[in-house]
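Inspection log for the structure reproduced underneath, given as structure tokens.
The values are calculated or read from the model by the stated rules, or taken from the named source; none is laboratory data. It should be emphasised that the depicted structure is a prediction, and the values quoted were computed from it without experimental measurement. FYI the Cβ positions are ideal-geometry reconstructions off the backbone, even for glycines, and counts take in every protein chain you see. All accessible areas refer to the heavy atoms of the entire protein, side chains included, with ligands and DNA or RNA removed. Shrake-Rupley method; radii C 1.70, N 1.55, O 1.52, S 1.80 Å.
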Amino acid sequence: MSRLTGKVAIVTGAGRGIGRSIAEVFAREGATVVATSRGSDADQLGGRRGIEYHQLDVSKDQDWQRVVGGVLERHGRVDVLANNAGIIAYQPVHELTVEDWERVVAINQTGTWLGMRAVLPTMMGQGSGSIINVSSIWGSAAVAGGHAYHATKGAVRNMSKNAAITYAKDGIRVNSLHPGFINTPLTDAQDPDVNDYVVGQTPMGRAGKPEEIAQGAVFLASDDSSFMTGAELVIDGGYLAQ
Ligand code: NAP
């Protein structure tokens with residue numbers, strides 16, 4: 001039997017990169033996957049075996065209400081939420097505008113909270129659920145610049161621990177996932193010098209692949225991690241071990 005058979009999973013930011021891989025691997029493991037993104041780049045995922053696509057901007061509460069309401073109408077439950085959608089901004093503290101700060105917070109931090117808030121009542125009613133919040137190695141260690149990104153990824157790490165403890169008795173597990181440098185459209189668009197620096201500092205000496213993060217998400221989503229909550233799953237080629 002596949003590891004996610006019978007589970008209904010919502011994945012955000014599933015249009016490309018890590019989120020797309022999580023949606024594909026979840027479906028391969030037997031889940032019914034509700035793949036979402038802000039744009040239309042994920043609609044090609046819809047119709048694939050085990051995957052349906054819905055538009056969802058994680059920073060908009062009305063989108064969450066619409067999508068989760070629809071999932072409950074069609075499937076009657078939500079077993080897994082992978083809060084993956086995220087954006088990066090590179091400015092240091094003194095160059096960051098209020099608009100850039102608020103944009104990053106709205107998606108990375110508020111979006112994560114809205115997602116948890118949208119599914120928790122259902123999971124509490126079920127007495128079960130697994131929430132996976134995608135943070136980053138930059139949620140617990142720093143490089144220069146990228147102040148808003150660091151702030152929000154650190155917040156995601158701690159929000160996960162708080163929710164884990166708050167809902168542990170409800171049978172709900174909440175963990176954060178911390179990728180190191182992964183080859184995705186996000187990192188493809190970065191300054192090559194920044195990429196070379198981070199990969200050069202990675203003990204395994206290479207970038208990770210989206211599927212290497214998706215396999216960690218499968219573990220956290222599945223009953224294989226049944227005694228794991230409030231934890232940080234780091235998949236980074238050894239970066240944070242230094
Ligand atoms: P990506 O290639 O840029 O993909 C991000 C996805 O999120 C896209 O599908 C994007 O689609 C979606 N998205 C952006 N804003 C959204 C919003 N407001 N609502 C819903 N969806 C939204 O990024 P990635 O590299 O796969 O990163 C995925 C997650 O992993 C992020 O949280 C990122 O911070 C984290 N991470 C990545 C790395 C890395 O090295 N790649 C390392 C550590 C952590 P639309 O633009 O169409 O909405």
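Checked against (1) open to solvent by 50 Å² or more (accessible area, probe 1.4 Å); (2) modelled with pLDDT of 95 or more, Gly47 passes all but condition (2). For the stretch 131-190, filtering for residues that are of a type in the set (D, E, K, R), touching a residue at least 24 places away in the same chain (Cβ under 8 Å) and either near the ligand (Cβ under 8 Å from one of its atoms) or over 18 Å from Tyr239 (Cα atoms) (or both) leaves 4. For the stretch 151-169, filtering for residues that are under 21 Å from Val218 (Cα atoms) and either in a strand (DSSP E or B) or not aliphatic (A, V, I, L, M) (or both) leaves 5. Would you please name the residue that is nearest to the ligand (Cβ to nearest atom), looking only at residues in the stretch 59-86 that are closer than 22 Å to Ile137 by Cα and either open to solvent by less than 10 Å² (accessible area, probe 1.4 Å) or free of Cβ contacts under 8 Å to residues at least 40 places away in the same chain (or both)? Among them, the one singled out is Asn83. Within the stretch 207-222, residues that are under 14 Å from Ala82 (Cα atoms) have Cβ atoms under 7 Å from residues that are more than 12 Å from the ligand (Cβ to nearest atom) and open to solvent by 60 Å² or more (accessible area, probe 1.4 Å) in these pairs: Val218/Arg3; Ser222/Arg3, counting only partners at least 6 apart in sequence or on another chain. Here Tyr90 clears all of (1) surrounded by fewer than 20 Cβ atoms within 10 Å (Cβ to Cβ); (2) in a helix (DSSP H, G or I) except the condition numbered (2).
Only one entry of Leu186, Leu233, Leu177 meets the criterion of being in a helix (DSSP H, G or I) and within 19 Å of the chain's Cα centre (by Cα), and that entry is Leu186. Of all the criteria given as (1) within 13 Å of the ligand (Cβ to nearest atom); (2) closer than 28 Å to Ala142 by Cα; (3) of a type in the set (Ser, Thr, Tyr), the one not satisfied by Thr97 is (1).
Gly230 passes every criterion in (1) buried (at least 17 other Cβ atoms within 10 Å of the Cβ); (2) touching a strand residue (DSSP E or B) at 6+ places or on another chain (Cβ under 8 Å) apart from (1).
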